[in-house]
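Report on the following structure.
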Amino acid sequence: MKSLSLPTWLVLFVLLPACASVQSLPEQDSAAAKLFVSQCRACHALPHPGRNSPDEWSHILAVMDQRMVERFGKGLAEEERDVLLTYLRENAR
Ligand code: HEC
């Protein structure tokens, strides 16, 4: 019997688990994760923290704050922004 090639093993044991983990949020039960869920899916699907680098998150969060001001007339409170930024940067890629 032909044994499985290295690329096949990579797909089975590296790529598939990586895809599966995209479904669940880091530190799901923390206050920060809950704030993230409540604030960040009003306008689009919840983005995974691992999709961006820490510096990208700093920029994106500032833009999102602006989008909230445009849409709701109110952005994030300062401490909410701090909590979210820390959470996103800690769990960034
Ligand atoms: C008021 C609506 C609104 C809320 C609330 C909102 N977003 Fe967005 N988001 C947008 C819009 C609109 C875009 C499309 C890009 C743009 O217009 O800047 C976007 C795009 C994004 C993108 C893709 C941008 C890129 O450059 O890859 C990310 C990531 C994102 N939002 C994260 C968040 C996070 C994190 C939060 C919570 C803090 C959040 N969003 C809350 C409106 C919102």
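The values are calculated or read from the model by the stated rules, or taken from the named source; none is laboratory data. Nothing here was measured: the structure is a model prediction, and the numbers come from that model. With ideal geometry, Cβ positions are generated from the backbone for all residues, glycine too; neighbour counts draw on all protein chains shown.
Summary table below
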| read-out | value |
| --- | --- |
| R81 being surrounded by 11 or more Cβ atoms within 10 Å (Cβ to Cβ), modelled with pLDDT of 95 or more, assigned to a helix (DSSP H, G or I) and within 6 Å of the ligand (Cβ to nearest atom) | no |
| Positions within segment 46-78 being exposed (fewer than 13 other Cβ atoms within 10 Å of the Cβ), near the ligand (Cβ under 6 Å from one of its atoms) and among the β-branched types (V, I, T), in sequence order | V63 |
| Of all residues making up segment 28-41, the number that are in contact (Cβ under 8 Å) with a residue 24 or more places away in the chain and within 9 Å of the ligand (Cβ to nearest atom) | 4 |
